[in-house]
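Visitor: Pasting a structure here, questions to come.
Nothing in this text is a laboratory measurement; each read-out follows from the coordinates by a stated rule. All values reported here derive from a predicted model rather than from experimental measurement. Note that we place each Cβ from the backbone using ideal geometry, even for glycine, and neighbour counts take in every protein chain shown.
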Amino acid sequence: MSKAKQLRDRMAERGLVRIMAAHSPLSAVLAEEAGFDGIWASGFELSALYGLPDMSLISMTQHLDMLRAIAGRSSLPIVADIDTGYGNAINVIHAISEYERAGASAVVIEDKTFPKVTSLAAGGRQELLRVEEFQGKINAAISTRTDPNFLVIARTEALIAGLGEEEALKRAAAYEAAGADMILIHSKQKAPDEVESFVRAWSGKAPIVIVPTAYPEMNEERIKALGRIAIVIYGNHAIRASVTAMKDVFARILKDRGIHNVNLDIVSVEEVFRLQRMDQVKVDEDRFLE
Ligand code: SPV
Ligand code: MG
């Protein structure tokens, strides 16, 4: 069974699937061990990993390379954040075949112009594409996928751009009409009201995806109570957790003038060996090294 089918089945079984951001195979392995249903190959996380802003600076090749590496180490379905699809509908055709081949089970494509500006930045320049042009990109994605279970998720940035609920609903309906399997509605308001209102007003058939980074009180209980939302993406918590942990440990090493204290609070080298699957190396050495 394809991982894309697995993802669709899980949505049907559970009602809500939980997808965790990853920026590396190691973070994906940790997300899988924690029990998440899938991996978000986040553009924000990968940009941050390179120390760059999330503004179309990371190339498709860089993102694909990381996605392939993640797919090689995690059995979870991967939802690829392909931003604007790297250009127009022609670029989308190329991107979809590359991402499907690299091991993605779904893509999220957003209705901003290329180059995009990260969504959560205050005062970011947010320009949206004409609806018809984005419909063409969705249509191109649907027509290109080879696995019919591969999910094409259309993301509208209408609320992020400050265009209001009516525009967001109009765009979501147009994208569903163009063939989108699901609609991602993004918001940077500090409270969930804006997204909750959109979800209540949504009369389409396509299930909804949210990324509640800006409105963290929207927990899974609240999401389920609202209905219609089939995927929650925890969009940047892997990279933020890493930054928190590294800042703390680096500062303590300098303050303590040594590693003697932090050593007790960080994972052992053996734990990293386990994550690297060193046990398999031992088995292979015994078997094959003569
Ligand atoms: C990402 O993780 O790259 C996203 C989510 O697209 S956000 O950064 O909130 O736009
Ligand atoms: Mg992104």
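Visitor: For the range 28-99, state the average projected area of the convex hull of the C-alpha atoms over all orientations, rounded to one decimal in nm².
Guide: Values: hull surface 19.3 nm².
About 4.8 nm², averaged over all directions.
Visitor: Please compute the length gained on full extension between A225 and S268, using 0.36 nm multiplied by the number of residues separating them and subtracting their Cα-Cα distance. Don't jump to the answer; show the numbers that get you there.
Guide: Values: separation 43, 0.36 × 43 = 15.48 nm, distance 4.09 nm.
Gain on extension, A225 to S268, equals 11.4 nm.
Visitor: Determine the relative contact order of the chain: mean sequence separation of Cα pairs under 8 Å and six or more apart, normalised by residue count, in whole percent.
Guide: Working: 483 pairs, mean separation 51.3, N = 290.
Contact order relative to length: 18 percent.
Visitor: Past 27 Å, Cα to Cα: identify those pairs from K5/K205; K112/K190; K170/K190; K116/K170; K188/K224; K5/K170, in the order given.
Guide: On the way: K5/K205 19 Å; K112/K190 22 Å; K170/K190 23 Å; K116/K170 21 Å; K188/K224 20 Å; K5/K170 29 Å.
Beyond 27 Å between Cα atoms: K5/K170.
Visitor: May I ask you to list, by number, the DSSP H helices of the chain whose Cα span along the axis is at least 27 Å and whose average Kyte-Doolittle hydropathy reaches -1.0 or more?
Guide: Details: long enough: 237-256 (28 Å, 0.23).
Once both thresholds are applied, what remains is 237-256.
Visitor: Also, quick follow-up: P(r) of the chain in 10 Å steps, Cα pairs, percent per bin?
Guide: 6, 27, 34, 20, 9, 4, 0
Visitor: What is the range 1-91's relative contact order, in percent, from Cα pairs under 8 angstrom and six or more apart in sequence? Write out the running numbers ahead of the final one.
Guide: Values: 110 pairs, mean separation 29.1, N = 91.
Relative contact order of the range 1-91: 32 percent.
Visitor: Would you please give the residues with an amide H less than 5 Å from that of A106, counting only those at least 5 places away or on a separate chain, with H modeled from the backbone geometry?
Guide: Result for A106 returns I78, A80, L151.
Visitor: Continuing with this model, one more query. Please check which bits of the range 1-23 a label hung off R73 would reach, taking the label as a point 7 Å along Cα-to-C-beta and the cut-off as backbone N under 18 Å.
Guide: Residues 20-23 qualify, since their backbone N sits under 18 Å from the label point.
Visitor: What FRET efficiency comes out for E167 versus S59 if R0 is 35 angstrom and r is the Cβ-Cβ distance? Round to the nearest 0.05.
Guide: Values: r = 31 Å, r/R0 = 0.88.
Once rounded, the FRET efficiency stands at 0.70.
Visitor: Here is a further query. Tell me which GluC sites (Glu not before Pro) from the range 209-238 have a DSSP coil assignment and no more than 11 other beta carbons within 10 Å of their own. Write down the numbers at each step before the final one.
Guide: On the way: sites: E217, E220, E221; in loops: E217.
Sparse-neighbourhood loop GluC sites (Glu not before Pro): E217.
Visitor: Over the range 171-264, consider all pairs of different Cα atoms and compute the Kirkwood hydrodynamic radius from their mean reciprocal separation; express it in Å, one decimal. Write out the running numbers ahead of the final one.
Guide: Numbers: mean 1/r = 0.0630 Å⁻¹.
It works out to 15.9 Å.
Visitor: Going by average Cβ neighbours within 10 Å, how do the peptides 138-144, 68-74 rank, with the highest at the top?
Guide: Values: 138-144: 20.4, 68-74: 18.4.
Averaged packing, sorted descending, gives the order 138-144, 68-74.
Visitor: Once you place label points 7 Å from the Cα toward the Cβ at I259 and R200, how far apart are they in nm?
Guide: 5.5 nm
Visitor: Cα centroids of the range 114-174 and the range 216-290: how far apart, whole angstrom?
Guide: So the two Cα centres are separated by 32 Å.
Visitor: Let me ask you something else. Whole-Hz ³J(HN,Hα) for each residue in the range 268-277, computed from phi via Karplus 6.51 cos²θ - 1.76 cosθ + 1.60 with θ = phi - 60°, x for glycine and proline: what do you get?
Guide: Computed from phi, the couplings for the range 268-277 are 6, 4, 4, 5, 5, 4, 4, 5, 7, 6 Hz.
Visitor: Sticking with this structure for a sec: Using the C-alpha gyration tensor of the range 225-290, what are the square roots of 5 times its eigenvalues, in whole angstrom, with the largest one first?
Guide: Working from the Cα gyration tensor, I get semi-axes of 33, 28, 8 Å.
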